[in-house]
Number of protein chains: 2
Amino acid sequence: MTDTAAKRPRAVVLLSGGLDSYTAAATAKAEGRQLFALTINYGQRHKRELEAARAVAGALGVARHIELEIDLSRFGGSSLTSASAVPKDRALDPAEIPSTYVPARNTVFLALALSWAEVVEAREIIIGVNAIDYSGYPDCRPEYIRAFEKLASLATRAGVEGHAMTIKTPLLTLSKAEIITLGTSLGLDYAITHSCYDPRPDGSPCRHCDSCRLREDGFRAAGIADPLLLRCASSPLD
Amino acid sequence: MTDTAAKRPRAVVLLSGGLDSYTAAATAKAEGRQLFALTINYGQRHKRELEAARAVAGALGVARHIELEIDLSRFGGSSLTSASAVPKDRALDPAEIPSTYVPARNTVFLALALSWAEVVEAREIIIGVNAIDYSGYPDCRPEYIRAFEKLASLATRAGVEGHAMTIKTPLLTLSKAEIITLGTSLGLDYAITHSCYDPRPDGSPCRHCDSCRLREDGFRAAGIADPLLLRCASSPLD
């Protein structure tokens with residue numbers, strides 16, 4: 001680590017391998033933060049995103065990248081961590097919580113980020129949650145994030161010593177198109193990201209799950225071609 | 001599971017293998033709760049407590065016991081998850097947070113309990129934290145627990161649907177002697193528990209770490225002989 005790096009404020013960023021967390025991390029980097037990237041292998045069916053997270057961490061030039069295993073499939077309760085089918089082509093309804101919801105996932109992830117943040121003396125945790133173009137998960141709402149922020153300062157040695165912990169959500173109120181426009185203006189290569197909940201055997205997106213459809217709608221609304229689809233163009237559509 | 005069991009309210013209990021979580025769980029059982037016990041193998045040096053947790057789960061007759069692995073030693077920052085020495089015979093000072101503090105451990109554990117609680121439709125999480133005879137960890141304080149409880153309802157599908165989650169801390173304001181007296185009155189066999197942070201190679205307690213000393217002082221103040229020490233009596237004192 002260079003002397004310059006050592007002086008930059010540190011932030012732990014939750015990096016899934018998707019385009020939201022890449023963009024959120026990139027805004028923090030643009031603001032001069034030194035990034036500590038945390039990726040959770042939680043038993044998700046779309047393990048392809050872990051490879052994407054490694055590529056994103058590399059592209060961001062993070063100070064460290066930890067990939068931590070925790071098998072949330074032991075609890076069950078989600079189509080993302082079980083053999084039950086991921087919903088396809090459903091009508092997106094923010095009032096309905098779909099089967100892809102992983103119970104308390106963001107609370108588990110933020111808790112782990114908080115643990116690491118305390119060790120590396122980071123005072124910020126970056127999470128790419130979004131409450132506009134999203135799947136209706138309760139743990140993406142602004143009131144949830146504020147409650148975690150309050151908890152974080154009470155939970156830690158840093159908090160006791162008067163250092164508040166900030167949960168930064170740079171994408172919270174952006175549409176997916178705005179996120180994509182922002183990331184593109186920062187020069188991000190979205191071809192290295194992965195969003196699909198139920199990828200095909202070759203790792204390419206299914207284009208029918210909520211996550212694929214939110215992504216496609218976002219690129220369309222932004223008037224930008226998704227470089228991932230261009231890369232996968234040889235893959236037939238179904 | 002019997003019909004009667006199916007009708008009892010469910011609670012997820014964090015079970016470490018120590019006497020506090022055993023007692024906390026036993027009070028919930030005495031109140032008619034059906035218990036779902038969660039033990040976390042987090043890379044702690046005192047793995048002996050995992051065996052104790054299995055024995056405690058068996059003694060409580062829990063509906064299910066999950067032992068989940070998550071390697072918090074990847075983050076470091078604690079003498080409980082690293083090779084650095086566990087403090088011995090130190091003056092207990094509630095204003096000082098010792099090296100045995102594991103950053104954000106209770107937040108990680110409660111988040112995992114919350115995830116499971118949502119899946120099994122439990123509306124209570126039981127945790128044996130104590131803010132009287134304790135090591136000064138920030139995440140054992142009443143204000144921390146209340147903040148997590150608020151978060152828990154915002155974080156979950158159950159919360160969105162109007163089912164508040166309760167974090168029950170039956171030991172929060174009891175002295176260690178009062179906890180031991182309570183558990184003894186409930187007929188608990190503390191010989192199956194393990195408290196020591198730095199057990200000897202044979203698994204017996206070191207009798208010098210904070211946890212051993214809080215336990216010994218508690219039994220002494222309660223006027224009860226610790227059955228674990230009676231069992232280990234053949235082991236020489238140092």
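The values are calculated or read from the model by the stated rules, or taken from the named source; none is laboratory data. As the structure is a prediction and not an experimental result, all values here were calculated from the model. Note that we place each Cβ from the backbone using ideal geometry, even for glycine, and neighbour counts take in every protein chain shown.
Tabulated results
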item: Subset of the stretch B:42-62 [more than 14 Å from chain A (Cβ to nearest Cβ), among the small types (Gly, Ala, Ser) and either surrounded by 15 or more Cβ atoms within 10 Å (Cβ to Cβ) or assigned to a helix (DSSP H, G or I) (or both)]; result: B:Ala52, B:Ala53, B:Ala55, B:Ala57, B:Gly58, B:Ala59
item: Selected residue (criterion: farthest from the other protein chains (Cβ to nearest Cβ)) from residues of the stretch A:71-94 that are without any contact (Cβ under 8 Å) to a residue 40 or more places away in the chain, crowded, with 19+ Cβ neighbours inside 10 Å and within 19 Å of A:Thr39 (Cβ to Cβ); result: A:Thr81
item: Residues satisfying the stated conditions in the stretch B:15-34, i.e. without any contact (Cβ under 8 Å) to a residue 40 or more places away in the chain and crowded, with 23+ Cβ neighbours inside 10 Å; result: none
item: Members of the stretch A:86-133 found to be aliphatic (A, V, I, L, M), modelled with pLDDT of 85 or more and not in a helix (DSSP H, G or I), listed by number; result: A:Val86, A:Val102, A:Ala104, A:Ala122, A:Ile125, A:Ile126, A:Ile127, A:Val129
item: Qualifying position, being within 7 Å of chain B (Cβ to nearest Cβ) and either touching a residue at least 60 places away in the same chain (Cβ under 8 Å) or on the phi < 0 side of the Ramachandran plot (or both), among A:Asp139, A:Asp133; result: A:Asp139
item: Top-ranked residue of the stretch B:183-196 - restricted to ones that are buried (at least 19 other Cβ atoms within 10 Å of the Cβ) and out of contact with any Lys or Arg (no Cβ under 7 Å at 6 or more places or on another chain), ranked as nearest to B:Pro94 (Cα to Cα); result: B:Cys196
item: Selected residue (criterion: surrounded by the fewest Cβ atoms within 10 Å (Cβ to Cβ)) from residues of the stretch B:95-111 that are touching a helix residue (DSSP H, G or I) at 6+ places or on another chain (Cβ under 6 Å) and not β-branched (Val, Ile, Thr); result: B:Asn106
item: Cβ-Cβ under 6 Å pairs, at least 6 apart or on other chains, the stretch B:215-228 side touching a residue at least 12 places away in the same chain (Cβ under 8 Å) and surrounded by 17 or more Cβ atoms within 10 Å (Cβ to Cβ), far side of a type in the set (Gly, Ala, Ser) and assigned to a loop (DSSP other than H, G, I, E, B); result: B:Arg215/B:Ser195
item: Odd one out for B:Ser153, checked against (1) within 14 Å of chain A (Cβ to nearest Cβ); (2) touching a Lys or Arg at 6+ places or on another chain (Cβ under 6 Å); (3) not aliphatic (A, V, I, L, M); result: (2)
